[in-house]
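A.B. asks: Got a structure for you, questions after.
The values are calculated or read from the model by the stated rules, or taken from the named source; none is laboratory data. For clarity, every value in this text was computed on a predicted model and none was experimentally measured. Here Cβ is always computed from backbone atoms with ideal geometry, including for glycine, and neighbour counts include all displayed protein chains. For accessibility, only protein heavy atoms count, side chains too; no ligands or nucleic acids. Shrake-Rupley method; radii C 1.70, N 1.55, O 1.52, S 1.80 Å.
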Amino acid sequence: MTRTIDTEVLVIGSGAGGAVTAARLAEAGRSVLVVEEGPWFDPDAHEPSSLEEFTARWRHQGACAALGSPGIAFAEGRCVGGSTEINMGLYHRLPAHFAAEWRRKYGIADFDDATLDRYATDIEKTVTVSFLPGEAPASSAVLEHGADALGWKSTEFARVFAYDDKGHGTKQSMSRTMIPKAVAAGAIIQPDCTVLKLNRSGRRVTGATARLGYADGSSELVTLRADQVFVCGGAIQTPTLLQRSGFRHNIGPGLKFHPTVKVAARFSHPYDHDEVPVHRVTEFDPFLTIGGSASRRGHVALAVADAAPSDLDRVLEEWQNVVVYYAAIRSSGSGRVRALPGLRAPLVTYGLTDSDLSRLARGLVHLGEVLLAAGAVELFPSIAGGPIVRSREDLGQWWTALTRSRSNLMTVHLTSTVRMGDASDLTGTDSYGRVWDTDNLRVNDASLLPDAPGVNPQAAVMMIAARNADAFLST
Ligand SMILES: Cc1cc2nc3c(=O)[nH]c(=O)nc-3n(C[C@H](O)[C@H](O)[C@H](O)COP(=O)(O)OP(=O)(O)OC[C@H]3O[C@@H](n4cnc5c(N)ncnc54)[C@H](O)[C@@H]3O)c2cc1C
């Protein structure tokens, strides 16, 4: 006999979607249990993007990939707070023209600008959206200087950061914001608890079967019994759990990435490496964005090793002179998540189109132009075997070198594997996240975005989660 735990509302996953859902429902007086597969750490426990953080809070220690031609590496958080604990905290509201397009195509009710603005404003009060209080670090200003020299538009992005009097910033992840709000309102957060399957009876979900882990390495199977269930495991794990539990209508196809290429840029003097650049080149928005990446020694080594393994020792001798930048596209391709019998991890595939590949090549060349204009002396692209570029005339080689077999792509933006909206032929849930043909099962995370948002997705995920939680409360 497994132990049974009863709750009114079960929230599965504690990331951007789950934490907002839990805070909203607990504050409205509902009895909420949040179960999270990953551990619960103090948000300051690990240096960002360090080996320790990869091991403790990233799913599969950061090594996940979608199969395809080419394969695309992706990342997800796995801890209380989800991916918000490991992300860069860059914040951008969902562009209004995408919201309008989605409203029309997917038949999403209550998705007008006024409603979305109201929810975004409300969320922003809790997560503290702000700009840098002082001058941008040099690694960030590179993008502004390069863009200015070329006559291109660039801007500083806001982040979910709170600053003290001395200008020291702290990222306002879910474990610092929505999770404490939920707990203060009575929600229970259970880390180290993996939901294996949802239990159903006709149109109703009665709860879930989960494995609860303990510090000594032991674990037990538990039955979680709930009146209402919200699945908030993120765009890969949510469709996996739903499929494994027998829900299949539009669950898993439509996966959207922002495929990304990178360039390690060597300058003639050292740069800062503690902060991720906050500037973006916005000249080619919304289909192509240029920005800066985490650039610790390991990131630099990985980026250079791609293009020029034989130059690695030389470049690493002065790795502080190197910063990693990226170009990300809005993709016309899409992917799929499939739960496989007997396996814990799903099969993830992504079909990059020819136009995606040529947009990525264009992004790489524009990124090279900006970096050279800002004073970079040597550029290492994420193309196996290079070519290394030292002047603007050399950049044309990247157009032909970025092929399906040589490109090395990654992404941290994963969406759209369930999709919401009343157009049930296209979506997995109604306009508020209720899974079709169920009475009490809802999705409330990045899976619901009908398409890639073209900007960092956390803002859209939180805003939609708050809206859907309120819609649930009003029924
Ligand atoms: C490295 C990185 C950098 C990023 N940078 C930015 C950025 O700067 N700005 C931005 O806007 N976005 C950024 N993102 C994306 C953003 O963090 C995500 O879009 C957002 O967090 C998605 O929210 P979510 O609730 O769908 O999933 P998540 O936040 O990923 O949370 C899902 C949670 O559910 C848990 N879970 C999954 N399955 C189960 C299960 N079966 N049982 C129990 N628990 C389960 C997971 O362990 C995880 O903790 C970044 C993402 C990454 C990975």
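A.B. asks: When the helices in the chain are scored as -39500 (n - 2.57) per DSSP H run of 4 or longer and the sum is shared across all residues, what 222 nm value do you end up with, to the nearest 500 deg cm²/dmol?
C.D. replies: Using -39500 (n - 2.57) per qualifying helix, the result is -8500 deg cm²/dmol.
A.B. asks: Compare the peptides 419-429, 16-26, 398-408 by average per-residue count of other Cβ atoms within 10 angstrom and give them in order, highest first.
C.D. replies: Highest-to-lowest ranking by the protection proxy: 16-26, 419-429, 398-408.
A.B. asks: Shifting gears a bit: Among the DSSP beta bridges whose two residues both lie in the chain, what percent are antiparallel, rounded to the nearest 5?
C.D. replies: Counting DSSP beta bridges with both partners in the chain, the antiparallel share is about 70 percent.
A.B. asks: So, with a 1.4 angstrom probe, what is the percent of accessible area on the chain that is carbon and sulfur?
C.D. replies: Carbon with sulfur: 51 percent of the solvent-accessible area.
A.B. asks: Could you work out the relative contact order of segment 185-248, using alpha carbon pairs under 8 angstrom and six or more residues apart, expressed as a whole percent?
C.D. replies: 28
A.B. asks: Defining a contact as two alpha carbons under 8 Å apart and six or more residues distant in sequence, what relative contact order in percent does the chain show?
C.D. replies: Computed value for the chain: 23 percent relative contact order.
A.B. asks: Once you place label points 7 Å from the Cα toward the Cβ at residue 439 and residue 6, how far apart are they in nm?
C.D. replies: Placing both labels 7 Å beyond Cα along the Cβ direction yields 1.8 nm.
A.B. asks: D for segment 74-120, whole µm²/s, Stokes-Einstein with Kirkwood Rh over alpha-carbon pairs at 10 °C and 1.306 mPa s: what number?
C.D. replies: The calculation lands on 124 µm²/s.
A.B. asks: Excluding ligands, DNA and RNA, what is the solvent-accessible area per residue of segment 347-475 at a probe of 1.4 Å, expressed in Å²?
C.D. replies: 30
A.B. asks: What is the spread of the Cα atoms of segment 401-475 along each of their three principal axes, largest first, in whole Å?
C.D. replies: 55, 26, 16
A.B. asks: Now for a different question. What aspartates and glutamates sit close enough to residue 171 to cross-link, taking a C-alpha to C-alpha distance under 12 Å and skipping anything fewer than 8 places away on the same chain?
C.D. replies: 44, 85, 275
A.B. asks: On to the next question. Based on the Cβ-Cβ distance of residue 353 and residue 219, what FRET efficiency does E = 1/(1 + (r/R0)^6) give at R0 = 41 Å, to the nearest 0.05?
C.D. replies: Efficiency computed from Cβ-Cβ geometry: 0.45.
A.B. asks: With no solvent and one equal point scatterer placed on each C-alpha of segment 77-154, evaluate the Debye formula and give log10 I(q)/I(0) for q = 0.13, 0.19 Å⁻¹, two decimals.
C.D. replies: After summing over all Cα pairs, the log10 values are -0.70, -1.05.
A.B. asks: Distance in nm between label sites at residue 423 and residue 311, each 7 Å beyond Cα in the beta-carbon direction?
C.D. replies: Modelled inter-label distance: 4.7 nm.
A.B. asks: Take the eigenvalues of the Cα gyration tensor for segment 389-429, scale each by 5, and report the square roots as semi-axes in whole Å, largest first.
C.D. replies: So the three semi-axes of segment 389-429 are 40, 10, 10 Å.
A.B. asks: On a 0 to 90° scale, report how tilted helix 138-150 is relative to the longest principal axis of the chain, with both axes built from alpha carbons and the result rounded to the nearest 10.
C.D. replies: Tilt of helix 138-150: around 60 degrees.
A.B. asks: Restricting things to alpha carbons, tell me how big the chain is in terms of Rg and Dmax, in Å.
C.D. replies: Over the chain's Cα set, Rg and Dmax evaluate to 22.0, 71 Å.
A.B. asks: Between helix 113-127 and the chain, what is the angle of the helix's C-alpha long axis to the longest principal axis, kept within 0 to 90° and rounded to the nearest 10?
C.D. replies: 80
A.B. asks: Over the alpha-carbon set of segment 311-371, divide Rg by the Kirkwood Rh and report the Rg/Rh ratio to two decimals.
C.D. replies: Computed over Cα atoms, the ratio is 1.19.
A.B. asks: Also, I was wondering about something else. Calculate the FRET efficiency for residue 268 and residue 60 from the Cβ-Cβ distance with a Förster distance of 45 Å, rounded to the nearest 0.05.
C.D. replies: 0.75
A.B. asks: Something else about it: Relative to the present Cα-Cα distance, how much length would full extension add between residue 135 and residue 40 at 0.36 nm per residue of separation?
C.D. replies: 30.8 nm
A.B. asks: How much accessible area per residue does segment 110-181 have, counting only protein heavy atoms and a probe of 1.4 Å, in square angstrom?
C.D. replies: About 49 Å² of surface per residue is accessible.
A.B. asks: At 1.4 Å probe radius, can you tell me the per residue accessible area of segment 216-331 in Å²?
C.D. replies: 34
A.B. asks: Can you give me the long-range amide H partners of residue 200? Hydrogens built in the peptide plane at 1.01 Å from N, cutoff under 5 Å, separation of 5 or more residues or another chain.
C.D. replies: 206
A.B. asks: Using Cα pairs under 8 angstrom and six or more residues apart, how large is the relative contact order of segment 53-119, in percent?
C.D. replies: Taking the mean separation of contacting Cα pairs over the length of segment 53-119, I get 19 percent.
A.B. asks: Which distance in Å, rounded to a whole number, links the C-alpha centroids of segment 428-475 and segment 59-100?
C.D. replies: If you average the Cα positions of each part, the centres end up 17 Å apart.
A.B. asks: Using the basic label-point model (7 angstrom from Cα toward the beta carbon), what is the residue 475 to residue 162 distance in nanometres?
C.D. replies: Each label point is offset 7 Å from its Cα along the Cβ direction, giving 3.4 nm.
A.B. asks: Pull out the extension gain between residue 211 and residue 73, defined as 0.36 nm times the separation in residues minus the alpha carbon to alpha carbon distance; nm, one decimal.
C.D. replies: 46.9 nm
A.B. asks: Using Cα positions and a limit of under 26 Å, work out the lysines in reach of residue 153, with same-chain residues fewer than 8 apart set aside.
C.D. replies: 262
A.B. asks: Give, in whole angstrom and from largest to smallest, the semi-axes √(5λ) of the equivalent ellipsoid of segment 298-457, with λ running over the eigenvalues of the Cα gyration tensor.
C.D. replies: 39, 17, 14
A.B. asks: So what is the diffusion coefficient of segment 128-278 in µm² per second by Stokes-Einstein at 37 °C and 0.692 mPa s, using a Kirkwood Rh over Cα pairs?
C.D. replies: Roughly 160 µm²/s, to the nearest whole number.
A.B. asks: For the peptides 115-126, 283-294, what is the packing order when you average, over each peptide's residues, the other Cβ atoms within 10 Å and list the highest mean first?
C.D. replies: The densest-packed peptide leads the list: 283-294, 115-126.
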